[in-house]
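What follows is one structure encoded as structure tokens, with my remarks underneath.
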Amino acid sequence: MNNIPWLSYNDLSSNLKTCLLYLSVFPEDYVIDRDTLVRRWIAEGFISEEHGQCRQEVAENYFYKLINKSLVQPVYIDYDGKASTRRVHDMMLDIIISKSSQDNFIIVVDGEGGQTCLPNHHGFIRLLSIQYIDRKLANVLACLDLSHVRSLTATSSNCIKHLPCLVKFEALRVLDFKDCEGFDDYDMRNMDKLFNLKYLSYRCTVISKLPSGIVMLGGLETLDLRDTCVQELPCGI
């Protein structure tokens, strides 16, 4: 392991380490939108007010600190000279995936890479990233206790039909379906049971009608419907 990025990681504050490790929920070469990441960090409970700054300002500062330390790479620069998207350097991604797994911070399911079983973990699963899943892995996942999962990120376009039903994820704070397909094959009827949900994204999907249970999510802070087929919101939102 190259010592330079490892030393850079060790030099971070505990809050910045958590925010950096969180990036392992995204696949290799995934372009991460700044505003999306900031909202997700806040929804996860990683960000607190600091020195008179609100959580939004603190999270944005964390975003730019990681760029300034060359731990992540800016991809697109806005007109104001600030990065609006980024990706993780390959070498740093290897480090944070290893560290996340070691600390049981995030469980990544990626059957496309030859994975036939879930990574070893101790204690509860709290952050879950589904990058590819087939029926065999889905059966393994369905047998686990998912009631403590706080974050579910599905980045594989065809994984929806293999996901366990929503009622198993009763502690979810973040649910991200960006780029997923096949919502007709997935039961969304228990959306109203996700009382802790703060962030919900259907961005870049073909979903046309939202589950009615969304109106019961009183704590929801972000509902991302960009680039979807949704024309109207359920009554009550």
task: Rounded to the nearest Å, what's the spacing between the alpha carbon centres of the stretch 203-237 and the stretch 172-194? Just the number, please.
output: 11 Å
task: Calculate the spin-label point distance for Gln231 paired with Asp179, positioning each point 7 Å from the Cα along the beta-carbon direction, and give it in nanometres.
output: 2.9 nm
query: With the chain treated as a Gaussian network of Cα nodes joined by springs under 10 Å, which of Gly213, Gly45, Gly123 yields the largest mean-square fluctuation?
result: Gly123
- request: Taking 7 Å along the Cα-to-C-beta vector as the label spot, tell me the Leu223-Val140 distance in nanometres, rounded to one decimal.
  value: 3.6 nm
- prompt: Taking the Cα atoms of the chain, what is the range of coordinates along each of the three principal axes, in descending order and whole Å?
  reply: 47, 41, 28
Kirkwood-based shape ratio for the stretch 128-237, expressed as Rg/Rh from alpha carbons: 0.93
field: Debye, to nearest 20: dipole size of the chain, +1 on Lys, Arg Cβ, -1 on Asp, Glu Cβ
entry: 380 debye
- request: Calculate, for Glu49 and Asn104, the FRET efficiency according to 1/(1 + (r/R0)^6) with r their C-beta to C-beta distance and R0 30 Å; round to the nearest 0.05.
  value: 0.60
message: Placing +1 on the Cβ of each Lys and Arg and -1 on the Cβ of each Asp and Glu in the chain, which of Asn104, Leu163, Trp41 has its Cα farthest towards the positive end of the resulting dipole?
response: Asn104
message: Please compare each pair in Lys17/Lys65; Lys99/Lys161; Lys69/Lys178; Lys17/Lys178 to a cut-off of 19 Å on the Cα-Cα distance and tell me which ones are over it.
response: Lys99/Lys161; Lys69/Lys178; Lys17/Lys178
field: Pairwise label distance in nanometres, Lys69 with Phe195, each label 7 Å out on the Cα-Cβ vector
entry: 3.7 nm
- prompt: What residues qualify as long-range amide H neighbours of Ala171, i.e. H under 5 Å apart, gap of 5 or more or another chain, H built at 1.01 Å from N?
  reply: Val149
- prompt: Shape call for the stretch 126-181 from the C-alpha gyration tensor, a ≥ b ≥ c root eigenvalues: rounded (a/c under 1.5), prolate (a/b greater than b/c) or oblate?
  reply: oblate
message: Starting from 0.36 nm per residue, how many nanometres of slack lie between Asn61 and Glu28 once their C-alpha separation is accounted for?
response: 9.5 nm
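Just so you know, all these numbers are worked out from the coordinates, no wet-lab data involved. Keep in mind that what you see is a predicted model, and the values were worked out from it rather than measured. Methodologically, a virtual Cβ is constructed for each residue, glycine included, from the backbone with ideal geometry; neighbour enumeration extends over all protein chains shown.
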